[in-house]
Amino acid sequence: MSNISAKELREKNSLLEQRNLIDARTTSFLFSDGSVDALAYNDATRKKVGYLSNVVSVASADYATFGLCDDGTVMASSLINGFFTWERKSSVCIPGWHDIIAISGGGNTSVAGLKKDGTVVLYDCDGIFLSSNWKDIVQISMGRGHLLGLKRDGTVLAAGKNDKGQCSVSDWTDIVHVSAGALFSVGVKADGSVVAVGDNEAGQCDVSEWCGIERVSAGARHAVGLASDGRVVSTVFKGPADVYGGQCDVAHWSDLDVIEISAGAIQTIGVRKNGTLISTVNELSGMYTEQFERLFKIVGCKLFDNYENLDVERQTKIAERAKKRELYERRIMGVCQYCGGKFKGLLTKKCTQCGNIKDY
Ligand SMILES: [Zn+2]
């Protein structure tokens with residue numbers, strides 16, 4: 001395969017990461033109007049967490065959800081009493097972060113940000129230290145205590161915990177996409193083959209048979225891959241039965257126009273071309289019954305109308321929301337909702353500026 005197409009694949013994947021729609025770590029998902037929903041571990045329902053800003057990309061850790069806003073800043077929700085909240089008082093705009101183009105969350109509340117200039121910033125990432133090599137990065141992925149950075153030249157950097165060899169990626173070349181799992185790392189090569197290092201107790205690194213893959217997602221104990229022809233593949237689960245929730249059962253997704261995949265702890269979620277979410281959760285067993293039931297509810301949930309028009313739809317919905325907010329603010333300020341002018345007359349409220357009557 002030529003160098004050009006490897007570069008193109010890398011750029012394509014980098015752009016997709018900058019507009020990430022789902023993250024299975026806490027199962028958070030982004031709607032075309034810039035709002036975010038998430039499932040908390042001990043929350044009984046979906047929780048809207050994206051009230052504040054125009055979010056263009058979503059990421060999550062076990063106990064936090066993050067949103068990259070269209071101005072290059074990053075919001076973090078927090079989990080309070082089992083509920084994700086993104087109210088003004090409890091959410092934080094990560095201090096000092098700007099010019100961010102992609103985010104990746106992991107661990108309890110860790111998040112990494114990729115900056116426009118190809119450098120990486122960290123928030124709440126104890127034990128991860130970035131050397132001066134961390135530049136020319138085009139994609140990042142956060143695991144549980146380690147971080148991967150894909151460089152423009154197709155090599156990969158890793159930092160943080162390496163107890164299972166999850167950071168042993170220095171010999172990887174021609175990589176076009178990476179994903180950090182809990183204690184393992186997966187990379188897609190330009191020829192469509194896949195490499196993996198780290199913990200393999202549940203067979204999560206057995207990816208050597210995969211071919212034609214364009215993107216991967218590594219979860220807690222499994223990895224899934226999306227092929228250029230729409231096939232969805234998974235590793236075969238070899239871990240203990242009580243942590244298996246059917247997360248590897250994605251073979252039938254191959255016929256369902258899946259465009260994005262995300263591997264979580266006990267589930268895999270995906271987005272279809274028509275904007276609906278899909279989830280592996282189809283079996284109830286053991287300690288995860290409750291979470292399964294909640295995940296059922298997200299299936300059928302619609303993030304956008306048509307993937308091809310996603311950017312246009314997003315712009316339209318964000319503009320509509322801004323307009324609504326403006327009208328609302330003018331109303332509560334007691335001025336003309338159409339132009340912001342003052343009213344004249346006690347009985348007939350007529351705007352002194354645009355002449356419209358107050359008819360609302
Ligand atoms: Zn007016």
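Each reported figure results from applying straightforward, stated rules to the coordinates on display, with no laboratory input. Given the structure is predicted, the values throughout are model-derived calculations rather than measurements. Note that we place each Cβ from the backbone using ideal geometry, even for glycine, and neighbour counts take in every protein chain shown.
Couple of notes before you dig in:
- For the chain, cysteines whose Cβ has no other cysteine Cβ within reach (under 4.7 Å): Cys69, Cys93, Cys125, Cys167, Cys205, Cys211, Cys248, Cys301
- Using alpha-carbon coordinates, inclination of helix 289-298 to the longest axis of the chain, degrees: 50 degrees
- Degrees between helix 3-18 axis and first principal axis of the chain (Cα, 0 to 90, nearest 10): 50 degrees
- Once Rg and the Kirkwood radius are both taken over the C-alpha atoms of the chain, their ratio Rg/Rh works out to 1.04.
- Distance cut-off 16 Å, percentage of C-alpha pairs in the range 92-142 lying past it: 36 percent
- Among 263-270, 120-127, the order from most to least packed when residues are scored by Cβ within 10 Å on average: 263-270, 120-127
- Candidates Leu256, Leu347, Leu21, ranked by Gaussian network fluctuation over the chain, Cα under 10 Å, top entry: Leu347
- Dipole of the chain, positive end: most advanced residue of Gly192, Gly225, His98 [Cβ charges, Cα centre]: His98
- Segments 25-38, 163-176, 62-75 sorted - mean Cβ within 10 Å per residue, highest first: 25-38, 62-75, 163-176
- GluC sites (Glu not before Pro) restricted to DSSP loop in the range 205-274 with at most 12 other C-beta within 10 Å: Glu209
- Rounded to whole Hz, the Karplus (6.51, -1.76, 1.60) HN-Hα couplings of the range 207-222, x for glycine and proline: 10, 5, 8, 5, 9, x, 7, 10, 9, 10, 9, 9, x, 6, 9, 8
- Phi angles of the range 340-348 translate, via the Karplus equation with coefficients 6.51, -1.76, 1.60 and θ = phi - 60°, into HN-Hα couplings of x, x, 8, 8, 10, x, 7, 7, 9 Hz per residue; Gly and Pro are given as x.
- Cross-link table Lys12/Lys115; Lys116/Lys317; Lys151/Lys273; Lys12/Lys116; Lys12/Lys302; Lys12/Lys161, entries beyond 19 Å C-alpha to C-alpha: Lys116/Lys317; Lys151/Lys273; Lys12/Lys302; Lys12/Lys161
- From phi via Karplus (6.51, -1.76, 1.60), per-residue ³J(HN,Hα) for the range 105-115 in Hz, x at Gly/Pro: x, x, x, 6, 9, 7, 8, 10, x, 9, 8
- The slack in the chain from Arg331 to Ala251, taken as 0.36 nm per residue of separation less the alpha-carbon distance, amounts to 23.5 nm.
- Panel values: the range 127-268, Kirkwood radius from alpha carbon pairs, Stokes-Einstein at 4 °C and 1.567 mPa s, translational diffusion coefficient 87 µm²/s.
- Dipole magnitude for the chain: computed about the Cα centre from +1 point charges on Lys and Arg Cβ and -1 point charges on Asp and Glu Cβ, it is near 1960 debye.
- Once C-alpha pairs closer than 8 Å and six or more residues apart are averaged by separation and normalised to the residue number of the chain, the relative contact order reads 11 percent.
- Under-5 Å amide H pairs with Glu214, H placed in peptide plane, nonlocal only: Leu226, Ala227, Ser228
- Dimensionless Rg over Rh [the range 111-176; C-alpha; Kirkwood]: 0.93
- GNM remark for the chain: springs join alpha carbons under 10 Å apart, and the peak mean-square fluctuation among Ala59, Ala158, Ala227 falls on Ala227.
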